[in-house]
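Engineer: Take this structure, written in structure tokens, and hold onto it; I'll ask about it next.
The values are calculated or read from the model by the stated rules, or taken from the named source; none is laboratory data. Note that this is a predicted model, so its numbers are computed, not measured. So basically every Cβ, Gly included, is an ideal-geometry build from the backbone, and we count neighbours across all protein chains shown.
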Amino acid sequence: MKFVSLLSGGKDSVFATTECERHGHELVCAAHLSPHNDADELDSFCFQSAAHNVVEGVAACLGVPLIRRTWDGRSIDQSLNYTVTEGDEVEELYELLREVLRRHPDVTAVSSGAILSTYQRTRVEACCQRLQLTSLAYLWQRPQRQLLKDMSRSGLKAIVVKTATLGLEPEDLGLQLMARATRSRFDDLHDKYKFHVCGEGGEYESLVLDSPRFVTKRIVLTKTETLRLDDQPSGCGAVSLLKVIEWALEDKTETVREEVSSDDSDGDTVDDVAFTEETHEPVILETDVRGVCAGRSCRCSRGDVGRRIAAVGGNLPSERGDAAAQLANALDECDSALRTNGFDGLGDVFFAHLYLKDLSQFSAVNTVFEAAFSSSRRVPSRSCVQVPLPMGVECILDVEATTATRSTLHVRSRSEWAPQCLGPYCQANTLIKGITFAAGQVPLDAPTMTLSTEGASLALRHAQQILTASSCSLRHALSMVAYTITGYDHRYVLRAAERYNLRPDAILCVKVPALPANAPCEIEAVAYKEPVHIWRDAAKEAGCVIYLRCCFVPRGFCASLVRVCAPRKNEEQKLDLATCLGALVGGAHLSLAKAGLREEHFCRLRVFIPEAMSCAAVHALLEDLLEGEDVDPPAVTVVPVLSLEPGVALAAQVIGGDLGAAEADAWLRGGGGDSA
């Protein structure tokens, strides 16, 4: 892609530019916001202005034209998720990018040096979205110590031009950032004061004087002045600025070879391992039921007021039509059901499962999905797969919603951190500061958004990156489902998961016809911020074996996996469907009880069945099994798949929650409190 660099003159924007070029993008021009009335500096929430008068020299060294606009530093909308606000400094960035497109209509992407600031990244992304541009943020979430080392190894030369923290004084203005002694000193400051070595906490600002990308010229400062911007005494982190009065460009006589660390692949790829073929006789489920039940539309738990969790949808569509039409109808029904039960409609949805008969409809359903959530400030996380749906059914949707406190992780930028989402959804939603639902991850190479050969190893690494950014970990997984295509052995997933100390029963593997981006696997995860309680059990019941893996957060939430298996793997066996479903429901109730939850907290039962079974028949049997006298049954989704794990006749994912109790527990553990 042809891109414009948002150039501040600092190390991050310059190095981000070279990283964009390293990943195959073409630099067309640079853009910069300068302080109004040529002030020495403006204290902005979003943009660097220290040494702004030297930016034209940096652009000249890069060999591209510079487009400038002035701004006054006003930040009116200070929320993380920016909305268009007249007079806000972000609108000046928007107008600057509009001018870039007017002069260079071939530009399709924008580079920024965001590393850790969600505030900055989301504002660049908001402008890019309005102008249909791609945000490139190749420094996003890179470990700061390694990043500073990479900058140094590349040959980049930068100095400190502003200080604003304990440990740095006005005398440090002009400090050579890439010197080994400086980096060692910054490491010590990090250990002492939690100092961000790349200045992500506003500790300092920088100016690049030389870079391998500066082909023929470098910058020389010929006259400077030290300005103290406050009256703090020495040793107390005085705010100071290096004012550049005169500067010049000088010819470069030597070339410096760029040496940037390779990607963060840690050698855990397992897709080149050869597995011996497993042979198992099929399990045949028999039933006389020919049900027409479409499934329940809504289920709300009875937690504390304002802390409820709801499971909605999963029912078979009642009307014919293509996938887009059936999805639009399902979204309307979910919105109506949620509002009837006291929720803010789709605005409270935090996760959606989308099952399509044909992934060729992926683009069309994405358009419908985006329109449905266009008015919401927070979009849900999502998983989307192709499954063998029955005749006349093109799409099944189920969603989970909550009125509890939640936060979203939505990175629209292309980066090395994790892939952009393949549709109008976000990477993760975290409830009450601790329970994270991560979107399904496929093995895409994040910087290029192309399919990688690493398979399950990379998909799990993406999931771990997302969970880490949400203060969770795969090692604390509550429930995981892995979708694999025919020809891709599910044992690749299990082998890759060993790195995160996950046992095989922690991941439910099912076989499906196709996945987005032609991926061989897609992995979704629910995880917690701390180690979870795990309870396992196995029991024989009416000719089948039940395996339970119940993971729960104390006093408030559980996500369990239930497998109904044949007692013998090496011969064909016939089991009664109703009996197996009864055992599965019994296992689900037992797992809720082990988590300290009651029947009214049973939110979702997601049942995976072999494609030969009738979805309607399974729905009808489950309705009879789940009907209670005092409480409504959970919302049910029946998902037909090509096959389950060897020897498994039926499998289910169980979600239960009393978020009021979960939040109370978070308070007791010191993690409570509301956040946007």
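Engineer: Would you list the strands (runs of 3 or more DSSP E) that sit entirely within region 101-189 and hold 2 or more residues that are touching a Phe, Trp or Tyr at 6+ places or on another chain (Cβ under 8 Å) and among the small types (Gly, Ala, Ser)? Outline the logic, then answer.
Structural biologist: Values: elements: 109-111, 134-136, 157-163.
Qualifying strands (runs of 3 or more DSSP E): 109-111.
Engineer: Still on this structure: Any residue at all in region 470-491 that is in a helix (DSSP H, G or I), in the same structural domain as Ala438 (by TED's automatic domain parsing) and among the charged types (D, E, K, R)?
Structural biologist: Restricting attention to region 470-491, the residues satisfying the condition of being in a helix (DSSP H, G or I) are 474-476, 491.
If we keep only those that are in the same structural domain as Ala438 (by TED's automatic domain parsing) as well, we get 474-476, 491.
Of the ones still in play, those that are also among the charged types (D, E, K, R) are 475, 491.
The answer is yes, given that some residue of region 470-491 is in a helix (DSSP H, G or I), in the same structural domain as Ala438 (by TED's automatic domain parsing) and among the charged types (D, E, K, R).
Engineer: Among the listed residues Thr408, Thr367, which satisfies the condition of being of a type in the set (S, T, N, Q), farther than 29 Å from Met613 by Cα and surrounded by 18 or more Cβ atoms within 10 Å (Cβ to Cβ)?
Structural biologist: Going through Thr408, Thr367 in turn, the sole match is Thr408.
Engineer: Kindly check whether there is at least one residue in region 79-89 that is part of a helix (DSSP H, G or I) and either in contact with a Lys or Arg (Cβ under 8 Å, 6 or more places away or on another chain) or without any contact (Cβ under 8 Å) to a residue 40 or more places away in the chain (or both).
Structural biologist: As a first pass, look at region 79-89 and keep what is part of a helix (DSSP H, G or I): 89.
Keeping just the survivors that are either in contact with a Lys or Arg (Cβ under 8 Å, 6 or more places away or on another chain) or without any contact (Cβ under 8 Å) to a residue 40 or more places away in the chain (or both) gives 89.
Yes, the conditions are met somewhere in region 79-89.
Engineer: When you look at Leu116, is it of a type outside the set (Lys, Arg), farther than 30 Å from Thr222 by Cα, modelled with pLDDT of 95 or more and surrounded by fewer than 22 Cβ atoms within 10 Å (Cβ to Cβ), yes or no? Before the answer, list the steps.
Structural biologist: On the way: of a type outside the set (Lys, Arg): yes; farther than 30 Å from Thr222 by Cα: yes; modelled with pLDDT of 95 or more: no; surrounded by fewer than 22 Cβ atoms within 10 Å (Cβ to Cβ): yes.
No, not satisfied.
Engineer: Would you be able to tell me the number of residues in region 18-53 that are among the acidic types (Asp, Glu) and in a loop (DSSP other than H, G, I, E, B)? Give the derivation first.
Structural biologist: At the first step, the residues of region 18-53 found to be among the acidic types (Asp, Glu) are 19, 21, 26, 38, 40-41, 43.
Narrowing the set further to residues that are in a loop (DSSP other than H, G, I, E, B) leaves 40-41, 43.
Here the count works out to 3.
Engineer: Considering Gly596, Gly586, Gly582, Gly660, which residue is surrounded by fewer than 19 Cβ atoms within 10 Å (Cβ to Cβ) and either at pLDDT below 85 or out of contact with any Pro (no Cβ under 8 Å at 6 or more places or on another chain) (or both)? Reasoning before the result, please.
Structural biologist: Values: Gly596 fails: either at pLDDT below 85 or out of contact with any Pro (no Cβ under 8 Å at 6 or more places or on another chain) (or both); Gly582 fails: surrounded by fewer than 19 Cβ atoms within 10 Å (Cβ to Cβ); Gly660 fails: surrounded by fewer than 19 Cβ atoms within 10 Å (Cβ to Cβ).
One residue alone meets the criteria, Gly586.
Engineer: Now, a different point. Within 27 Å of the chain's Cα centre (by Cα), within 24 Å of Pro610 (Cβ to Cβ) and modelled with pLDDT under 90: does that describe Gly313? Steps first, answer last, please.
Structural biologist: Values: within 27 Å of the chain's Cα centre (by Cα): yes; within 24 Å of Pro610 (Cβ to Cβ): yes; modelled with pLDDT under 90: yes.
Yes: the conditions hold for Gly313.
Engineer: Ok, one more. Go over the candidates Gln326, Gln361 one by one and state the one that is surrounded by 22 or more Cβ atoms within 10 Å (Cβ to Cβ) and more than 23 Å from the chain's Cα centre (by Cα).
Structural biologist: Gln326
Residue by residue, here is whether (1) surrounded by fewer than 23 Cβ atoms within 10 Å (Cβ to Cβ); (2) outside the structural domain of Ala428 (by TED's automatic domain parsing); (3) over 21 Å from the mean Cα position of the chain (by Cα) holds:
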residue	(1), (2), (3)
Ala496	no, no, no
Asn501	yes, no, yes
Ala517	yes, no, no
Ile523	no, no, no
Tyr528	no, no, no
His533	yes, no, yes
Arg536	yes, no, yes
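Engineer: Which residue pairs have Cβ atoms closer than 9 Å, lie 6 or more positions apart in sequence or on different chains, and pair a first residue in region 588-605 that is outside the structural domain of Leu561 (by TED's automatic domain parsing) with a second residue that is in a strand (DSSP E or B)?
Structural biologist: none
Engineer: Grab the strands (runs of 3 or more DSSP E) fully contained in region 331-403, keeping just those with 3 or more residues being aromatic (Phe, Trp, Tyr). Before you say what the answer is, go through the steps one by one.
Structural biologist: Working: elements: 349-356, 381-386, 395-402.
Filter on region 331-403 gives 349-356.
Engineer: Which is over 28 Å from Thr222 (Cα atoms) and modelled with pLDDT of 95 or more, of Leu147, Leu156, Leu166? Don't jump to the end; show me each part of the working.
Structural biologist: Working: Leu156 fails: over 28 Å from Thr222 (Cα atoms); Leu166 fails: modelled with pLDDT of 95 or more.
Step by step, each of Leu147, Leu156, Leu166 is checked, and only Leu147 is over 28 Å from Thr222 (Cα atoms) and modelled with pLDDT of 95 or more.
Engineer: Something else about it: Does Gly73 satisfy the condition of being surrounded by fewer than 21 Cβ atoms within 10 Å (Cβ to Cβ), on the phi > 0 side of the Ramachandran plot, of a type outside the set (Val, Ile, Thr) and under 28 Å from the mean Cα position of the chain (by Cα)?
Structural biologist: Values: surrounded by fewer than 21 Cβ atoms within 10 Å (Cβ to Cβ): yes; on the phi > 0 side of the Ramachandran plot: yes; of a type outside the set (Val, Ile, Thr): yes; under 28 Å from the mean Cα position of the chain (by Cα): no.
No; evaluated as a whole, the condition is false for this residue.
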